[in-house]
Amino acid sequence: MVSLCLEFFGAEISVSTTTDAVSDLEFLFGPHVVPDSRSADRLQVEFGYPHPGHSLPGDAWAELVVRRNDGPPLLRRAFRGWSNVPPPVPPFSVLRERFSLVQAVVLAKGATTIALIGSPHSDREGVALALAQRSWRIVSGQLLITDRAGGNVMPYHVPLEFRGATAAGVRAAGLAPGSWTSRTSPVTGDVLMVRPEALGDIVPIQARLGPPELFRLCRSGNEGARLEPWDFPTQTWPPEAAQELADVPSFRLELPESGGAEEAAGLIDHRMTSERRELCPDVPVISRASPAGSTASLLI
């Protein structure tokens, strides 16, 4: 067994696994890999193999053990895969009082943070890619992670997963060696996994961002994309954290039956940036002169 040191949310996580699995972990969590400082206070995640011939990743029978400071196990369970919520790294199952999770692609621009929520076929990754081309920075490729105490959004730089025509377009655009891999999902078919830093700018792993605005992606028979305020329930882990997102602004982003990612990104970018510039102009506001005899001057 060998160890890899990862940093999440200002804390070090030591992950122990087999030598041949280290490269898989480095691909999954690239920006989070840091030199091992041998911190005295850290969580340790160990992947064990109770039966000969089992391997990581993807083995449904691999054992997952979480400890603190070489102490007794805090958690022991079967490894069920990286895409489960909560994922095994970092070990959110022992951190449920601190963080809440929602499946989403998260981006930020200026002081604005948005989360794109939708099914694997909603093309949320395609919309995220189009936003990255509009100078939005990637915060998380798969999960909206919120600090339950302060409401801040945390970076989680794992690969974005592309499917169908969007995956074909990303491949055709060219990807650097080592920045992508592919797998086959029994539910959604071929999946292209691409490191976020290969797609655009990413926020630093130490960043703390403001509360998010939520966008639920839907498909419709309309010809174009449409964006409108819309309240919708959010599937949150742990379930008791759902109320913490109840008051954040939320929208319905309707895409045509196929395509529409660039148009949808344009609607989001305009709504989140142009309107804010109007509310906070960067030039002095010149007050209009009050008509003679007006009582408006009494308010100054």
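The values are calculated or read from the model by the stated rules, or taken from the named source; none is laboratory data. Just so it is clear, the structure is predicted and the values come from calculations on it, not from any experiment. Because the Cβ atoms are built from the backbone with ideal geometry, glycine has one as well, and the counts that use them run over all protein chains shown. Side chains are part of the model used for accessible areas, which takes the heavy atoms of the whole protein and leaves out ligands, DNA and RNA. Shrake-Rupley method; radii C 1.70, N 1.55, O 1.52, S 1.80 Å.
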By residue number, the members of region 103-127 that are in a strand (DSSP E or B) and touching a residue at least 60 places away in the same chain (Cβ under 8 Å) are 103, 106, 108, 109, 112, 113, 114, 115, 116, 117
Filter region 103-117 down to residues that are among the small types (Gly, Ala, Ser) and surrounded by 16 or more Cβ atoms within 10 Å (Cβ to Cβ), then give me how many there are.
3
Tell me, yes or no, whether region 118-130 has at least one residue that is charged (D, E, K, R), surrounded by 21 or more Cβ atoms within 10 Å (Cβ to Cβ) and within 13 Å of the chain's Cα centre (by Cα).
yes
Of the listed residues (168, 207), the one being under 20 Å from residue 103 (Cα atoms) and either out of contact with any Cys (no Cβ under 6 Å at 6 or more places or on another chain) or open to solvent by 30 Å² or more (accessible area, probe 1.4 Å) (or both) is 207
Exactly one of these conditions fails for residue 149: (1) over 18 Å from the mean Cα position of the chain (by Cα); (2) open to solvent by less than 20 Å² (accessible area, probe 1.4 Å); (3) aliphatic (A, V, I, L, M). Give me its number.
(2)
Restricting the search to region 156-173, which residues are closer than 16 Å to residue 198 by Cβ and not aliphatic (A, V, I, L, M)?
157, 159, 161, 162, 166, 169, 171
Tally time: how many residues in region 171-208 are among the hydrophobic types (A, V, I, L, M, F, W, C) and at pLDDT below 95?
6
If you take the residues of region 210-226 that are open to solvent by 30 Å² or more (accessible area, probe 1.4 Å) and in contact with a Leu (Cβ under 8 Å, 6 or more places away or on another chain), which of them is nearest to residue 158 (Cα to Cα)?
216
Given (1) touching a strand residue (DSSP E or B) at 6+ places or on another chain (Cβ under 6 Å); (2) in a helix (DSSP H, G or I), residue 166 misses just (1)
Can you confirm whether region 180-197 contains a residue that is under 23 Å from residue 263 (Cα atoms), open to solvent by 20 Å² or more (accessible area, probe 1.4 Å) and hydrophobic (A, V, I, L, M, F, W, C)?
no
Can you confirm whether region 85-96 contains a residue that is touching a residue at least 60 places away in the same chain (Cβ under 8 Å), in contact with an Asp or Glu (Cβ under 9 Å, 6 or more places away or on another chain) and not charged (D, E, K, R)?
no
So which pairs qualify, if the first residue must be in region 1-20 and under 9 Å from residue 44 (Cα atoms), the second must be assigned to a strand (DSSP E or B) and open to solvent by 40 Å² or more (accessible area, probe 1.4 Å), the Cβ gap must be under 6 Å, and the two must be at least 6 apart or on different chains?
14/3; 16/3; 16/46
Among the listed residues 240, 257, which satisfies the condition of being open to solvent by 30 Å² or more (accessible area, probe 1.4 Å) and in contact (Cβ under 8 Å) with a residue 12 or more places away in the chain?
257
Name the residues in region 75-102 that are crowded, with 20+ Cβ neighbours inside 10 Å, in a strand (DSSP E or B) and not small (Gly, Ala, Ser), would you?
99, 101, 102
When residue 100 is evaluated against the numbered criteria (1) at pLDDT 95 or above; (2) touching a helix residue (DSSP H, G or I) at 6+ places or on another chain (Cβ under 6 Å); (3) under 25 Å from residue 269 (Cα atoms), which criterion, by number, is the only one it fails?
(3)
